[in-house]
1. Which condition does residue 30 not pass, out of (1) closer than 18 Å to residue 128 by Cα; (2) surrounded by 15 or more Cβ atoms within 10 Å (Cβ to Cβ); (3) polar (S, T, N, Q), if it passes all the others?
2. Regarding residue 53, is this residue in a helix (DSSP H, G or I) and over 23 Å from residue 108 (Cα atoms)?
3. Determine which member of the set 121, 139, 116 is loosely packed, with under 14 Cβ neighbours inside 10 Å and either over 25 Å from residue 27 (Cβ atoms) or of a type in the set (Asp, Glu) (or both).
4. Looking at this structure, is residue 81 of a type in the set (Asp, Glu), farther than 25 Å from residue 154 by Cβ, exposed (fewer than 13 other Cβ atoms within 10 Å of the Cβ) and out of contact with any strand residue (DSSP E or B) (no Cβ under 8 Å at 6 or more places or on another chain)?
5. Listed residues 149, 95, 138; which is hydrophobic (A, V, I, L, M, F, W, C) and more than 22 Å from residue 67 (Cβ to Cβ)?
6. Please identify the pairs in which a residue from segment 89-102 that is without any contact (Cβ under 8 Å) to a residue 40 or more places away in the chain and acidic (Asp, Glu) has its Cβ atom under 9 Å from the Cβ atom of a residue that is crowded, with 17+ Cβ neighbours inside 10 Å and outside any helix (DSSP H, G or I), counting only partners at least 6 apart or on another chain.
Amino acid sequence: MKPEESGDLYDRLMAKVKKATEGQKLASVTFIWMQGERDARLQWSSLYEAGFKSLLQQLETDLGRKDLNVVIGRLSDFDNDNRSYKDWSKMRAILQKIAEEHPRGDWVNTDDLNDGINRKGEKISNDLHYSVEGYKLLGERFAAKAIALVRRAET
């Protein structure tokens, strides 16, 4: 899917969010993001930063919040030499930069999550996808960063 064709995904996301939060007053909102592999493969890194920042602005507007927390999973060390995915290292840097520049942002390191045993029971090393244990750790890391951002905002 090309970047200009991704609006449907956003609309579906917002429909689900609105339905799930209808009538509620939310104390905080944290947006957790793990994406960019395809953009690295298709060499869309030049569009990514502006597009992602626009997404965050749209979320803030649509949710009526200027205090949106953001946790971004940085792409793993799968293709740091950019052999298969020409923009891999650029995407890693962009994801980290966005998180570090956001006033309520943080990022998760995934470099150690793509080794071990995959869901098919096969041994993997420096794979595009994470191991079974890697996915569990990713969730734990996202949760820890999200909780830390919420607590930081409360002080």
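1. All conditions pass for residue 30, except number (1).
2. No; evaluated as a whole, the condition is false for this residue.
3. 121
4. On the way: of a type in the set (Asp, Glu): yes; farther than 25 Å from residue 154 by Cβ: yes; exposed (fewer than 13 other Cβ atoms within 10 Å of the Cβ): yes; out of contact with any strand residue (DSSP E or B) (no Cβ under 8 Å at 6 or more places or on another chain): yes.
It is true that residue 81 is of a type in the set (Asp, Glu), farther than 25 Å from residue 154 by Cβ, exposed (fewer than 13 other Cβ atoms within 10 Å of the Cβ) and out of contact with any strand residue (DSSP E or B) (no Cβ under 8 Å at 6 or more places or on another chain).
5. Numbers: 149 fails: more than 22 Å from residue 67 (Cβ to Cβ); 95 fails: more than 22 Å from residue 67 (Cβ to Cβ).
Unique residue meeting the criteria: 138.
6. Final answer for the pair search is 100/106; 100/107.
Values quoted throughout were computed directly from the atomic coordinates according to the rules given, and no laboratory measurement underlies them. These numbers were taken from a predicted model, which means no experiment stands behind them. Using ideal geometry, Cβ is built from the backbone for each residue, glycine included, and neighbour counts are taken over all protein chains shown.
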